[in-house]
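> Sharing a structure here in C-alpha cells format.
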There are 2 protein chains.
Amino acid sequence: MNIKDIARLSGVGVSTVSRVVNNHPDVKKETREHVLNIIKEYNYIPNSSARVLKQISTKNIGILIKGIFNPFLSEMVSIISKKIQFEGYTMLLQHTEVEEDDIESTLRFIKERKLQGVICLGGKFNDIQEDTFKHIDVPIILTSINLPVAMNNKQHVSIIDINNEEAAYKAVNYLIEKGHKDISIMICDEKEAASLERYKGYCRALEESNIPFDKENVLKGHYLMEKAYEETIKLLQNKKPTAIFAVSDSMAIGVAKAITDSGLQIGQDISIVGFDGMDIAQYYTPTITTVKQPREEMAKLSADLLFEQLNGNKQSISILLDADLIEGNSCIEI
Amino acid sequence: MNIKDIARLSGVGVSTVSRVVNNHPDVKKETREHVLNIIKEYNYIPNSSARVLKQISTKNIGILIKGIFNPFLSEMVSIISKKIQFEGYTMLLQHTEVEEDDIESTLRFIKERKLQGVICLGGKFNDIQEDTFKHIDVPIILTSINLPVAMNNKQHVSIIDINNEEAAYKAVNYLIEKGHKDISIMICDEKEAASLERYKGYCRALEESNIPFDKENVLKGHYLMEKAYEETIKLLQNKKPTAIFAVSDSMAIGVAKAITDSGLQIGQDISIVGFDGMDIAQYYTPTITTVKQPREEMAKLSADLLFEQLNGNKQSISILLDADLIEGNSCIEI
DNA sequence: TTGTACGCGTTATCAC
DNA sequence: GTGATAACGCGTACAA
C-alpha cells in the first residue's frame with residue numbers, strides 16, 4: 001500500500017495524494033476528503049524513509065543520549081522535547097551503547113537522518129579534535145559531557161555542563177569545615193570522565209586543608225547502588241571514616257544502606273554527601289545532602305542555544321554552570 | 001557526499017562501493033582497501049533512508065517504549081536488545097508520548113521502518129479490536145501492557161504480562177493476615193490500566209475478608225514520589241490507617257517519607273507494601289516489602305517468543321506471569 | 001571481479 | 001486545482 005495505490009484507488013494523481021498527506025492548501029475540499037477517506041480505509045501510512053530521502057529540510061532535531069537507563073538524562077529530554085515541538089520541529093531520540101564511539105555516532109546520526117541540529121546528552125568525547133566537526137554545518141550541543149578544557153570554544157560545537165571539579169571540591173570542603181578529616185570517596189571507576197573530575201575536586205579539597213590522602217578511602221561503585229553497598233560494607237570491616245562522599249546519588253543510597261546494615265547511624269557515625277540532586281536524596285531517611293545539578297537549566301539552555309544557532313546566531317559557546325549543595329540530614333559537625 | 005561521489009573518487013562503479021560498504025565478499029582485496037580509504041578520507045556515511053527504502057528485509061526489530069523515563073521498562077530493554085543483537089538483527093528503539101495513541105504508533109512504526117517485528121513495552125491498548133492488526137504480517141508482542149481479558153489469544157498479537165489483579169490481591173491479603181483492617185491504597189489515578197487492576201485486587205481482598213471499603217483510603221499519587229508524599233501527609237492529618245499499599249515502589253518511597261515526617265514509624269505505626277521490586281525498595285531503610293515483577297523473565301520471554309514466531313512458529317500466545325511478594329521490614333503483625 | 005541501469009516511495013517542479 | 005515526471009541515494013539483477 002503506497003502513494004500510487006492510494007492515487008489509483010482515489011482516481012487522482014500521486015501529487016494530489018502527496019498534497020493531501022502534507023496538508024498543502026491547494027486541494028479542492030471534496031478531493032481532499034475523498035482521498036482522506038481512502039487513506040483511512042486502507043490504513044495507508046507514508047513510508048518515512050522515502051520522505052526523508054526526498055525532503056530537503058527535514059526539520060528534525062536529534063537527541064543522542066548515552067545508555068537507555070539514566071534517570072538524570074531522561075528528565076532533561078522531556079524539557080528539551082517540549083522546546084523542539086514548540087519550535088515546530090520533530091525530535092528524533094537515539095540511544096548509544098556504552099562502548100560506542102560517541103563522536104562517530106553523532107556524525108552518523110546527523111548524516112543518516114539529515115538532521116538540522118543535535119543535542120548530545122552524556123557520553124565520552126575525549127578524542128574530539130578541533131576539526132572533528134569541521135564539515136558539519138548544523139549546530140551540535142554537548143550537554144552534561146566532560147571535555148578536555150583545551151577544546152572549549154575552539155571547535156564547531158557548544159558545551160553545556162557543570163563544573164564537576166569545583167562542585168565536588170565544594171562538597172568535600174563542606175565536610176572538612178564540619179570537622180571531618182577521614183573522608184572516603186565513592187567514585188565510578190578510574191576512567192569515567194565526570195567521576196574523574198569529581199575525584200580531582202576531592203583531592204584538591206584534601207590537599208588545601210593538608211589532609212593526607214589515603215588510597216584506602218577510594219572506592220569504586222560503578223554508579224550502582226549494589227556495588228556501592230558492597231564496597232562500603234567491605235570498607236567498614238577495615239576502617240571507619242567519619243564521612244563518605246559518593247559521586248552519584250544512587251551510590252549514596254548504597255552507601256547509606258551499608259552504613260545502616262553495619263549497625264552504624266547515618267550522620268551520627270558516618271556523614272554522607274551525594275551528587276546529582278535526584279528526588280530520592282530528598283525522600284530517603286534521613287534526607288541525603290547532595291550536590292544538585294541544575295538539570296532544568298542545562299536542558300533549557302541547550303535547547304535555547306540550539307535554536308538561536310539555527311536562527312542565524314552562529315556563535316558556538318561553552319558554559320559551565322555551578323552546582324549547589326543542598327543540605328539534608330546526613331551530615332553532622334564533629 | 002554520496003555513493004556516486006565515492007565511486008567517482010575511487011575510480012570504480014557504484015556497485016563496487018556498495019559491495020564494500022556492505023561487506024560483500026566478491027571484491028578484490030586491493031579494490032576494497034582503496035575504496036575504504038576514500039570513504040574514510042571523505043567521511044562518507046551511507047544514507048540510511050535510502051538503504052531502508054531499497055532493502056526488502058531490513059532485519060530490524062522495533063521496541064516501542066512508553067515514555068522516556070521509566071526505569072522499570074528500561075531494564076527490560078537491555079535484556080531484549082542483547083537477544084536481538086545475538087540473532088543478527090538491529091534494534092530500533094522508539095519512545096511514545098504519554099498522550100499518544102499506542103496502537104496507531106505501533107502501526108506507524110512497523111510500516112515506516114519496515115520492521116520484522118515489534119515489542120511494545122508499557123502503554124495503553126484498550127481500544128484494540130480483533131482486527132486491529134489483521135493486516136500486519138509481522139509478530140507483535142505486547143509486554144507489561146494490560147489488555148481487556150476478552151481479547152487474549154484472539155488477535156494477531158502476543159501478550160506477556162503479570163497478573164496485576166492477583167498480585168495486588170496477594171499483597172493486600174498478606175497485610176490482612178498480619179491483622180491489618182484499615183488499609184489505604186495509593187493508586188496512580190482512576191484510569192491507568194495497571195493501577196486499576198491492582199486496585200481491583202485490593203478491593204477483592206477486602207471484600208473476601210469482609211472488611212468495609214472506605215473511599216477515604218484511596219489516594220492518587222500518579223506514580224510520583226512527590227505526589228504520593230503530599231497525599232499521604234494529607235491523609236495522616238485526618239486518619240491513621242495501620243497499613244498503606246502503594247501500587248508502585250516510587251510511590252511507596254513517597255509514602256514512607258511522609259510517615260517518617262509525620263513523626264510515625266514505618267512498620268511500627270504504619271506498615272507499607274510497594275509494587276514493582278525496584279532496587280530502591282531493598283536499599284531503603286527499612287527495606288520495603290514489595291511485589292516483585294519478574295522483569296528479566298518478561299523480557300526474555302518477549303524476545304524469545306518474537307524470534308520463535310519469526311522463525312516459523314506463527315502461534316500468538318498470551319502469558320500472565322505471577323509476581324511474588326518480597327518481604328522487607330516495612331510490615332508488622334498487629 | 002566489476003559496471004550499468006532500474007526501481008524503492010516520496011516530494012518538488014513544471015505544465016496544463 | 002491537478003497530473004506527469006524527475007530527482008533523492010541506495011542495492012541488486014544482469015550484463016560484461
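The values are calculated or read from the model by the stated rules, or taken from the named source; none is laboratory data. Just so it is clear, the model here is predicted, and its values are computed rather than measured. Every residue, glycine as well, gets a Cβ built from its backbone with ideal geometry; the counts of neighbours run over all protein chains shown. With ligands, DNA and RNA removed, areas are computed over all heavy atoms of the protein, side chains included. Shrake-Rupley method; radii C 1.70, N 1.55, O 1.52, S 1.80 Å.
> Under 22 Å from the Cα of B:Lys83, which lysines turn up, not counting those fewer than eight places away in the same chain?
By straight Cα distance, B:Lys83 reaches A:Lys66, B:Lys59, B:Lys66, B:Lys114, B:Lys300, B:Lys314.
> For A:Ile270, which sequence-distant residues (separation of 5 or more, or a different chain) have an amide H within less than 5 Å of its own amide H, given hydrogens modelled in the peptide plane?
Residues meeting the criterion, in which the H sits 1.01 Å from N, are A:Gln265.
> Using modelled amide H (1.01 Å from N, peptide plane; none on Pro or chain starts), what sits under 5 Å from the amide H of A:Ile160, excluding residues fewer than 5 places away?
A:Leu142, A:Thr143, A:Ser144, A:Ile145, A:Ile319
> What does the charge count near B:Val247 come to, summing +1 for each Lys or Arg and -1 for each Asp or Glu among other residues with Cβ under 14 Å from its Cβ? It would help to have the intermediate numbers written out before the result.
Working: positive: B:Lys170, B:Lys191, B:Arg198, B:Lys200, B:Lys220, B:Lys227, B:Lys292; negative: B:Glu165, B:Glu166, B:Asp189, B:Glu190, B:Glu192, B:Glu197, B:Glu231, B:Asp249, B:Asp276.
Charge balance near B:Val247 sits at -2.
> Now a separate question. With the crude spin-label approximation of a point 7 Å out along Cα→Cβ, what separation in nm comes out for B:Leu320 versus B:Ser262?
3.3
> Over the stretch B:188-334, what percent of the accessible surface lies on carbon and sulfur atoms, probe 1.4 Å?
On the way: 3120 of 6570 Å².
In the stretch B:188-334, the share of accessible area belonging to carbon and sulfur is 47 percent.
> Place a point 7 Å from Cα of B:Ile334 in the direction of its Cβ. Which residues in the stretch B:206-236 have their backbone N less than 11 Å from it?
Answer for the stretch B:206-236: none.
> Residues of the stretch A:52-70 with backbone nitrogen within less than 19 Å of a virtual label 7 Å along the Cα-to-Cβ line of A:Asn2, please, listed as ranges.
A:52-56
> Now, a different point. Based on the mean of other Cβ atoms within 10 Å per residue, sort peptides A:56-64, B:250-258, A:2-10 so the most packed one is first. Before the final figure, lay out the partial values.
On the way: A:56-64: 18.4, B:250-258: 28.0, A:2-10: 16.2.
Top to bottom by mean Cβ count within 10 Å: B:250-258, A:56-64, A:2-10.
> A follow-up question, please. At B:Thr58, label 7 Å along Cα→Cβ: distances to the other copies, nm, ascending?
Taking the point 7 Å beyond Cα along Cα→Cβ, the inter-copy spacings are 1.2 nm.
> What does the structure give for A:48-60 when I average, per residue, the other chain Cβ atoms found within 10 Å of the residue Cβ? Walk me through the intermediate numbers first.
Values: counts 9, 13, 5, 3, 7, 8, 2, 1, 0, 0, 1, 0, 0.
So the per-residue partner count for this stretch is 4.
> Would you please classify the overall shape of the stretch B:15-90 from the alpha carbon gyration tensor, given that a ≥ b ≥ c denote the square roots of the eigenvalues, rounded means a/c under 1.5, and beyond that prolate means a/b larger than b/c while oblate covers the rest?
Working: a/c = 2.59, a/b = 2.44, b/c = 1.06.
It is prolate, given that a/c is not under 1.5 and a/b is the larger ratio.
> When Rg is the radius of gyration of the Cα atoms in chain A and Rh is its Kirkwood radius, what does Rg/Rh come to? Write down the numbers at each step before the final one.
On the way: Rg = 25.5 Å, Rh = 22.5 Å.
With Rh from the inverse mean 1/r over Cα pairs, Rg/Rh is 1.13.
> Given the options A:Ile288, A:Ile38, A:Ile187, state which has the largest fluctuation in a GNM of chain A using a 10 Å cut-off (strictly under) for Cα springs.
Looking only at A:Ile288, A:Ile38, A:Ile187, the biggest GNM fluctuation is shown by A:Ile38.
> What do you get for the angle between helix A:193-208 and the principal long axis of chain A? Use alpha-carbon atoms, 0 to 90 degrees, nearest ten.
So the inclination is approximately 30 degrees.
> Rank A:Gln282, A:Ser318, A:Leu305 by how far each Cα sits towards the positive end of the charge dipole of the stretch A:188-334 (+1 on Lys, Arg Cβ; -1 on Asp, Glu Cβ) and give me just the farthest.
Farthest towards the positive pole: A:Ser318.
> Using just the helices of chain A, give the 222 nm mean residue ellipticity in deg cm²/dmol: DSSP H runs with n ≥ 4 each add -39,500 (n - 2.57), and the total is spread over all residues, rounded to 500. Present the calculation step by step, with values, prior to reporting the outcome.
Details: 12 runs with 142 residues, N = 334.
The helix-only estimate for chain A comes to -13000 deg cm²/dmol at 222 nm.
> Report the gain in length on full extension from B:Lys178 to B:Asp269: 0.36 nm times residue separation, minus Cα-Cα distance, nm rounded to one decimal.
Working: separation 91, 0.36 × 91 = 32.76 nm, distance 1.35 nm.
Answer, rounded to one decimal: 31.4 nm.
> Each residue of the stretch A:320-328 in order: what ³J(HN,Hα) in whole Hz does its phi give by Karplus 6.51 cos²θ - 1.76 cosθ + 1.60, θ = phi - 60°, with x for Gly and Pro?
Once θ is set to phi - 60°, the couplings for the stretch A:320-328 become 10, 7, 8, 10, 9, 7, 9, 6, x Hz.
> To continue, here is another question. Have a look at the stretch A:95-118 and report residues whose accessible surface goes down by 10 Å² or more when the remaining protein chains are included, against the chain on its own, probe 1.4 Å, ligands and DNA/RNA excluded.
Buried by the other chains: A:His95, A:Glu97, A:Leu107, A:Arg108, A:Lys111, A:Glu112, A:Arg113, A:Lys114.
> Could you work out the mean count of beta carbons from other protein chains within 10 Å of each residue's beta carbon in B:275-282? Let's see the in-between values first.
Working: counts 0, 0, 0, 0, 7, 7, 0, 4.
Per residue, the average neighbour count from other chains is 2.
> If you line up the long axis of helix B:29-41 against the longest principal axis of chain B, both from Cα atoms, how many degrees apart are they, to the nearest 10?
It works out to around 60 degrees.
> Still on this structure, please answer the following. Could you compute the longest span of chain B free of GluC sites (Glu not before Pro) located in DSSP loops and having at most 10 other Cβ atoms within 10 Å, not counting the site residues? Can you show the working numbers first?
Numbers: sites that count: B:Glu99, B:Glu190, B:Glu333.
Answer from the scan: B:191-332.
> Since chains A and B are linked by a rotation, which residue in A has the beta carbon closest to its axis, and how far is it in Å?
Checking which Cβ lies nearest the axis yields A:Ser49, 2.
> Follow-up. Could you state the accessible area per residue of chain A in Å², with a 1.4 Å probe and every protein chain left in place? Present the calculation step by step, with values, prior to reporting the outcome.
Numbers: 15520 Å² over 334 residues.
Result: 46 Å² of accessible area for each residue.
> Looking at chain B as a GNM with Cα springs under 10 Å, which of B:Ser49, B:Ser248, B:Ser78 has the largest mean-square fluctuation?
Comparing B:Ser49, B:Ser248, B:Ser78 in a Gaussian network model of chain B, the most mobile one is B:Ser49.
> Between 0 and 90 degrees, rounded to the nearest ten: what's the tilt of helix B:225-238 against the longest Cα principal axis of chain B?
Tilt relative to chain B: about 10 degrees.
> What dipole magnitude, in Debye to the nearest 20, does chain B give about its Cα centre under +1 on Lys/Arg Cβ and -1 on Asp/Glu Cβ?
On the way: 38 positive and 47 negative charges, 332 e Å.
Computed about the Cα centre, the dipole is about 1600 debye.
> Which of the listed residues, B:Ile84, B:Leu175, B:Leu121, is farthest toward the dipole's positive end in the stretch B:75-177, when Lys, Arg count +1 and Asp, Glu count -1 at the beta-carbon?
The residue sitting most towards the positive pole is B:Ile84.
> Shortest first and in nm with one decimal, please list how far the A:Asn238 label point sits from its counterparts in the other copies (point 7 Å along Cα→Cβ).
Reported distances to equivalent positions: 5.5 nm.
> Let me ask another. May I ask you to report, in nm to one decimal and beginning with the shortest, the distances from B:Gln85 to the same position in the other copies, taking label points 7 Å along Cα-to-Cβ?
3.2
> For the stretch B:222-241 and the stretch B:2-22, what is the centre-to-centre distance using only Cα atoms, to the nearest Å?
When both Cα centres are located, 65 Å separates them.
> Pulled fully out, how much extra length does the chain show between A:Glu208 and A:Asp189, if you take 0.36 nm times their separation in residues and subtract their Cα-Cα distance? Display every interim value, and only then the final one.
On the way: separation 19, 0.36 × 19 = 6.84 nm, distance 2.38 nm.
The span from A:Glu208 to A:Asp189 would gain 4.5 nm if fully extended.
> Could you give the length gained by full extension between B:Ile79 and B:Asp127, i.e. 0.36 nm per residue of separation minus their alpha carbon distance, to one decimal place?
Details: separation 48, 0.36 × 48 = 17.28 nm, distance 2.88 nm.
Stretched out fully, the B:Ile79 to B:Asp127 stretch lengthens by 14.4 nm.
> Could you grab the relative contact order for chain B? Cα pairs under 8 Å, six or more apart, rounded to a whole percent.
Numbers: 607 pairs, mean separation 51.6, N = 334.
Answer for chain B is 15 percent.
> If the convex hull of the alpha-carbon atoms of the protein assembly as shown is projected onto planes in all directions, what is the mean projected area in square nanometres?
So the Cα hull casts an average projection of 34.4 nm².
> Would you mind pulling out the separation of the Cα centroids of the stretch B:257-296 and the stretch A:92-118, in Å?
When both Cα centres are located, 39 Å separates them.
> While we're looking at this one, here's another question. Which pairs in the list B:Lys124/B:Lys200; B:Lys215/B:Lys239; B:Lys4/B:Lys28; B:Lys170/B:Lys292; A:Lys4/B:Lys111; A:Lys191/A:Lys240 are over 23 Å apart, alpha-carbon to alpha-carbon? Walk me through the numbers before you get to the answer.
Details: B:Lys124/B:Lys200 18 Å; B:Lys215/B:Lys239 12 Å; B:Lys4/B:Lys28 19 Å; B:Lys170/B:Lys292 12 Å; A:Lys4/B:Lys111 16 Å; A:Lys191/A:Lys240 26 Å.
Among B:Lys124/B:Lys200; B:Lys215/B:Lys239; B:Lys4/B:Lys28; B:Lys170/B:Lys292; A:Lys4/B:Lys111; A:Lys191/A:Lys240, the Cα-Cα distance tops 23 Å for A:Lys191/A:Lys240.
> Over chain A, what is the percentage of antiparallel beta bridges among all DSSP beta bridges, to the nearest 5? It would help to have the intermediate numbers written out before the result.
Details: 3 of 41 bridges.
Bridges in chain A that DSSP calls antiparallel: roughly 5 percent.
> Here is a follow-up. How big is the A-B contact in terms of buried accessible area, both chains counted, 1.4 Å probe, rounded to the nearest 100 Å²? Could you put the intermediate results ahead of the total?
On the way: alone 17350 and 17340 Å², together 31040 Å².
Heavy-atom accessible area buried at this interface is about 3600 Å².
> Further, regarding this structure: Inside 10 Å of the C-beta atoms of B:225-236, what's the mean count of C-beta atoms belonging to other chains? Mind showing how you got there, number by number?
Working: counts 4, 3, 0, 1, 3, 0, 0, 0, 0, 0, 0, 0.
Neighbouring Cβ atoms belonging to other protein chains average 1 per residue here.
> Here's a follow-up. Taking a ≥ b ≥ c as the square roots of the Cα gyration tensor eigenvalues, with a/c under 1.5 meaning rounded and otherwise prolate when a/b beats b/c, else oblate, which class fits the stretch A:165-293? Working shown, then result.
On the way: a/c = 1.28, a/b = 1.15, b/c = 1.11.
Rounded, because the longest to shortest axis ratio a/c is under 1.5.
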